[in-house]
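Enquirer: Here it is: the structure, laid out below.
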Amino acid sequence: MNQYRLLKTLCEIHAPSGEESEMKNFLLDYISKVQASWKVKPQIFDGEDLQDCLVLVFGKPRTAIFAHMDSVGFTVRYQNQLIPIGGPDVESNYKLKGKDSLGFVNCKLQVNQENQLFYEFGRGIERGTSLTFDCDFRETEEFIQSCYMDNRLGIYNCLKLAETLENGMIVFSCYEEHGGGSVPMLAKFMYEKYHIRQALISDITWVTEGVEHGKGVAISMRDRNVPRKSFINKIISLAQESSIPYQLEVESGGSSDGRELHQSPYPIDWCFVGAPEDNVHSPNEAVHKKDIEAMLSMYQLLMEKL
Amino acid sequence: MNQYRLLKTLCEIHAPSGEESEMKNFLLDYISKVQASWKVKPQIFDGEDLQDCLVLVFGKPRTAIFAHMDSVGFTVRYQNQLIPIGGPDVESNYKLKGKDSLGFVNCKLQVNQENQLFYEFGRGIERGTSLTFDCDFRETEEFIQSCYMDNRLGIYNCLKLAETLENGMIVFSCYEEHGGGSVPMLAKFMYEKYHIRQALISDITWVTEGVEHGKGVAISMRDRNVPRKSFINKIISLAQESSIPYQLEVESGGSSDGRELHQSPYPIDWCFVGAPEDNVHSPNEAVHKKDIEAMLSMYQLLMEKL
Amino acid sequence: MNQYRLLKTLCEIHAPSGEESEMKNFLLDYISKVQASWKVKPQIFDGEDLQDCLVLVFGKPRTAIFAHMDSVGFTVRYQNQLIPIGGPDVESNYKLKGKDSLGFVNCKLQVNQENQLFYEFGRGIERGTSLTFDCDFRETEEFIQSCYMDNRLGIYNCLKLAETLENGMIVFSCYEEHGGGSVPMLAKFMYEKYHIRQALISDITWVTEGVEHGKGVAISMRDRNVPRKSFINKIISLAQESSIPYQLEVESGGSSDGRELHQSPYPIDWCFVGAPEDNVHSPNEAVHKKDIEAMLSMYQLLMEKL
């Protein structure tokens, strides 16, 4: 069986910011089915005190990994208007899907010259209905291409890591693409209950002039936020001593769940570690398979050594 | 006696962001006078541990209602310059009022071509003095028109609701018009002391192409923030089953105390439910009386059923 | 010995946002050397639960003073590109310094017509290396001029105040120049451990049309944030009764550690009190000596009377 079948399933799930419950339910179901084969059986935290978030605790955790479950998308406004959820790439004729009380919706995005967004569909869609990209999952020798590699690949990385993880916390968060909001609650949980002070952000970054396809997982030294240098240096040292391919990223923009950890009232260090993609936030996000493998290897190393 | 006399009094109170104490004192006084006639006598929380906020607890609360006490306004800078508090509408000759150590101030706003703001008054006004719109309260068969319907109408709605409320928390917050800052403290109070996980935002929204005067209270499905869909759906279901007129709002901009609840470290769901107005943040904010009635009816329903 | 020698040493320390440990270590060392001569020996809090922050507690504290340790600077990106840390002033040929694994770096800033930033140096500098202004400390009869008066002068003010302080908390914070992030943790510490509800921001502001060199310390009535007026009024009353020169500042922009105190879940009042400078965030920040003296005198007064 194709090893990326799980990733494909994840990419197809409808879970824009605010509607992560379908993803949470899939994960709960998947974990219940496969955890018998995992090295350590995790303690599972979910329910109303965590809203739609999900936390797995393995052994004695020293480090937490954050992977956000939500994706960018669109909300139906009035008439045939759409407004964005997060910052999706927009281009006329992108295929969108969703569901309202009249049934399933498969429509097309239209963008006019003032950059206003509309849908094209045989009937009106109910106000407030959310739409996401229709998934066209493509695999070649070298690449995986699909909508929502950001951040279904970050989730996939966590699920693969979970197979052998002995000590650590895996956190599946909400709302990341649209301003955040679940990390403050999760930071409180991880610090007050487990006194965890280290976090890794399992998320996808951008191919740029400094970070290329196939050259390894990106370790971000900074983005819009500047994390504590001493923690970044510790991670880079561990990477240097290993033979895992990695690339150092330095950006002035971009953000992640790390931002809210940085601003939390807890002394939590954080670092973004993730594969790079191009065609960001479009239906055609492309990631090199070697970078997916390097990402998993790096997480295995860091969760053991940090 | 005119039923909107209380609303008029509220609209006249000088309480720009940072100076809510006059409003708090009025509310404490009003509540002490009328609560004998209320169905349930609330427990009242105020004092330095809540700064200028005020909280009423009725029975066993499951849901909290937030109504902000502050308004937009202006601060005197140097010479005859003004800078905004929040985002007031600006137009030359709007009448402003305030007070400095030399006495009461009744002056006029002037706006130049670079959109810089000045006051016109017979003497200099002391640095840092705050000014608010001079209240011209107008009532017709159908409409109420005044400055500061946003959010004195939200407060009025809470005071009317309080007459019959059996279980619930009413929260009067500060700073909402100027970036917030009191809700983190209030969220901590409501969750840690009462374990409340549901919040309604009693505030005023905009008349738009999708939300019209006289068509009922607006239930906002999203604004700049995207709340958890499952909670919004629960509210819409209750509204559908009722005969109370309501309108669904879907916007990409605008914000409220809900934003800070969303970002708090507590699992608090929130939804904005309020009457629409036009002439937003001007001395001429207009709200249809039917929408004021629908707002109160909807809160009565939701506080019972949620 | 020149009384500003300590200030010069502080200005020379390399501590851009994210790398405050060198400053923290200097302060710990300095305090251990001089505290025998202080009126009250403070309790010192540091370590991993405060990351790189540092807190001194004198007697029974009612008020906390915040002074941020970090400065603006630059991060090396790819090739010879630089990106800013915080909002440094940029001009070609400003001298920068730093260190990477190959040794010390003394290079020049270059700014092109698109306002992109580069370094000019004999070799490549490692990705993620931070650079700060090379310190040229200048003293005249009236002025001190140097990079990083913001906020090494705020720290200097605290260290001078510490010599005679009987009751109070001094907080050295991180990340202030680049979006903050340490104050939420510090607010939690000061309120939960000491129930402190008053804060003064010991930081440097701008010379403007309303705030001039040599006219005294600035008491800020507002900036981008509007603090609670009643606390500001209390401070202004104390200043009025004293003979210490001061100036009232009213701005619509600018921000400080006060912003995060304002948004914290604790009922903490705050006010920015600091000397004004010109040439903000450049290597040539200039402050009048009389304003430095007034700043210290005002803090001595406020820490006693508040």
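Enquirer: Just checking, which of B:SER252, B:SER173, B:SER256 is of a type in the set (S, T, N, Q) and within 22 Å of B:SER297 (Cβ to Cβ)?
Expert: Numbers: B:SER252 fails: within 22 Å of B:SER297 (Cβ to Cβ); B:SER173 fails: within 22 Å of B:SER297 (Cβ to Cβ).
Only one candidate passes the filter, namely B:SER256.
Enquirer: Taking the residues in segment C:248-259 that are surrounded by 23 or more Cβ atoms within 10 Å (Cβ to Cβ) and in contact with a Pro (Cβ under 9 Å, 6 or more places away or on another chain) as candidates, determine which candidate is nearest to the other protein chains (Cβ to nearest Cβ).
Expert: Selected residue: C:GLU249.
Enquirer: Here's another thing I want to ask about it. Quick test for you: out of C:PRO276, C:PRO283, pick the one residue that is in contact with a Cys (Cβ under 6 Å, 6 or more places away or on another chain) and either touching a residue at least 60 places away in the same chain (Cβ under 8 Å) or farther than 29 Å from B:GLY87 by Cα (or both). Steps first, please.
Expert: Working: C:PRO276 fails: in contact with a Cys (Cβ under 6 Å, 6 or more places away or on another chain).
Matching residue, one of C:PRO276, C:PRO283: C:PRO283.
Enquirer: Another question, if that's okay. Going through C:THR132, C:THR164 one at a time, which residue ends up being of a type in the set (Ser, Thr, Tyr) and either open to solvent by 40 Å² or more (accessible area, probe 1.4 Å) or assigned to a loop (DSSP other than H, G, I, E, B) (or both)?
Expert: C:THR164
Enquirer: Take the conditions assigned to a helix (DSSP H, G or I), farther than 19 Å from C:THR63 by Cβ, open to solvent by less than 10 Å² (accessible area, probe 1.4 Å) and modelled with pLDDT of 95 or more and apply them to C:LEU153. Does it pass?
Expert: yes
Enquirer: If I go through segment B:122-135 residue by residue, how many of them are touching a residue at least 24 places away in the same chain (Cβ under 8 Å) and more than 14 Å from chain C (Cβ to nearest Cβ)?
Expert: Number satisfying all stated conditions: 3.
Enquirer: I need a count of the residues in segment C:8-21 that are closer than 20 Å to C:ASP257 by Cβ and either assigned to a strand (DSSP E or B) or open to solvent by less than 40 Å² (accessible area, probe 1.4 Å) (or both). So that I can check it myself, show each step before the final result.
Expert: Start the filter on segment C:8-21 by keeping residues that are closer than 20 Å to C:ASP257 by Cβ, which leaves C:10-11, C:13, C:15-21.
Now drop any that are not either assigned to a strand (DSSP E or B) or open to solvent by less than 40 Å² (accessible area, probe 1.4 Å) (or both), which leaves C:10-11, C:13, C:15-18, C:20.
Within segment C:8-21, residues that are closer than 20 Å to C:ASP257 by Cβ and either assigned to a strand (DSSP E or B) or open to solvent by less than 40 Å² (accessible area, probe 1.4 Å) (or both) number 8.
Enquirer: May I pose another question? Here is a list: A:GLY86, A:GLY103. Which entry is of a type outside the set (Asp, Glu), farther than 30 Å from A:MET303 by Cβ and not assigned by TED's automatic domain parsing to the domain that holds A:ARG152?
Expert: Details: A:GLY86 fails: farther than 30 Å from A:MET303 by Cβ.
Selected residue: A:GLY103, the only one of A:GLY86, A:GLY103 that is of a type outside the set (Asp, Glu), farther than 30 Å from A:MET303 by Cβ and not assigned by TED's automatic domain parsing to the domain that holds A:ARG152.
Enquirer: Among all residue pairs at least 6 apart or on different chains, which show Cβ distances below 7 Å where the first residue, located in segment C:138-151, is among the acidic types (Asp, Glu) and the second is open to solvent by less than 10 Å² (accessible area, probe 1.4 Å) and not in a loop (DSSP other than H, G, I, E, B)?
Expert: Here the result reads C:ASP150/C:GLU277; C:ASP150/C:GLU285, each pair linking segment C:138-151 to a residue that is open to solvent by less than 10 Å² (accessible area, probe 1.4 Å) and not in a loop (DSSP other than H, G, I, E, B).
Enquirer: From the residues in segment B:215-246 that are small (Gly, Ala, Ser) and surrounded by fewer than 17 Cβ atoms within 10 Å (Cβ to Cβ), which one is nearest to the other protein chains (Cβ to nearest Cβ)?
Expert: Only one residue tops the list, namely B:SER230.
Enquirer: Let me ask something else about it. Just to be sure, is B:MET185 away from chain A (no Cβ under 14 Å), closer than 25 Å to B:ARG62 by Cα and in contact (Cβ under 8 Å) with a residue 40 or more places away in the chain?
Expert: Values: away from chain A (no Cβ under 14 Å): no; closer than 25 Å to B:ARG62 by Cα: yes; in contact (Cβ under 8 Å) with a residue 40 or more places away in the chain: yes.
For B:MET185, the condition - away from chain A (no Cβ under 14 Å), closer than 25 Å to B:ARG62 by Cα and in contact (Cβ under 8 Å) with a residue 40 or more places away in the chain - is not met.
Enquirer: Same structure, new question: Just give me the residues in segment A:45-90 being over 18 Å from the mean Cα position of the chain (by Cα) and at positive phi, in sequence order.
Expert: Across segment A:45-90, the qualifying residues are A:GLY47, A:GLY59, A:GLN79.
Enquirer: Now for a different question. Yes or no: A:VAL217 out of contact with any helix residue (DSSP H, G or I) (no Cβ under 9 Å at 6 or more places or on another chain) and touching a residue at least 12 places away in the same chain (Cβ under 8 Å)?
Expert: Spelling it out, it is not the case that A:VAL217 is out of contact with any helix residue (DSSP H, G or I) (no Cβ under 9 Å at 6 or more places or on another chain) and touching a residue at least 12 places away in the same chain (Cβ under 8 Å).
Enquirer: Another question, if that's okay. Mind listing whichever residues of segment B:260-306 are within 19 Å of B:GLY210 (Cα to Cα) and more than 18 Å from the chain's Cα centre (by Cα)?
Expert: Residue satisfying the conditions is B:LYS290 alone.
Enquirer: On to the next question. A:ALA187 fails exactly one of the following numbered conditions: (1) among the aliphatic types (A, V, I, L, M); (2) farther than 24 Å from A:LEU10 by Cβ; (3) touching a strand residue (DSSP E or B) at 6+ places or on another chain (Cβ under 6 Å). What is the number of that condition?
Expert: (3)
Enquirer: Now for a different question. Residues in segment C:194-208: is at least one surrounded by fewer than 17 Cβ atoms within 10 Å (Cβ to Cβ) and closer than 26 Å to C:ILE44 by Cα?
Expert: Scanning segment C:194-208, I find at least one residue that is surrounded by fewer than 17 Cβ atoms within 10 Å (Cβ to Cβ) and closer than 26 Å to C:ILE44 by Cα, so the answer is yes.
Enquirer: All but one of (1) under 22 Å from B:SER173 (Cβ atoms); (2) aromatic (Phe, Trp, Tyr); (3) open to solvent by 10 Å² or more (accessible area, probe 1.4 Å) hold for B:PHE66, so report the exception by its number.
Expert: (3)
Enquirer: Would you say A:LEU56 is aliphatic (A, V, I, L, M), more than 14 Å from every other protein chain (Cβ to nearest Cβ), in contact (Cβ under 8 Å) with a residue 40 or more places away in the chain and open to solvent by less than 20 Å² (accessible area, probe 1.4 Å)?
Expert: Spelling it out, A:LEU56 is indeed aliphatic (A, V, I, L, M), more than 14 Å from every other protein chain (Cβ to nearest Cβ), in contact (Cβ under 8 Å) with a residue 40 or more places away in the chain and open to solvent by less than 20 Å² (accessible area, probe 1.4 Å).
Enquirer: Find the residue count for segment A:77-114, including only residues that are under 22 Å from B:GLY254 (Cα atoms), open to solvent by 30 Å² or more (accessible area, probe 1.4 Å) and assigned to a loop (DSSP other than H, G, I, E, B).
Expert: Number of matching residues: 5.
The values are calculated or read from the model by the stated rules, or taken from the named source; none is laboratory data. Because the structure is a prediction, the values reported are computed rather than measured. Cβ: placed from backbone, ideal geometry, glycine included. Neighbour counts: every protein chain shown. To get the accessible areas, we keep the full protein, side chains included, count just its heavy atoms, and leave off ligands, DNA and RNA. Shrake-Rupley method; radii C 1.70, N 1.55, O 1.52, S 1.80 Å.
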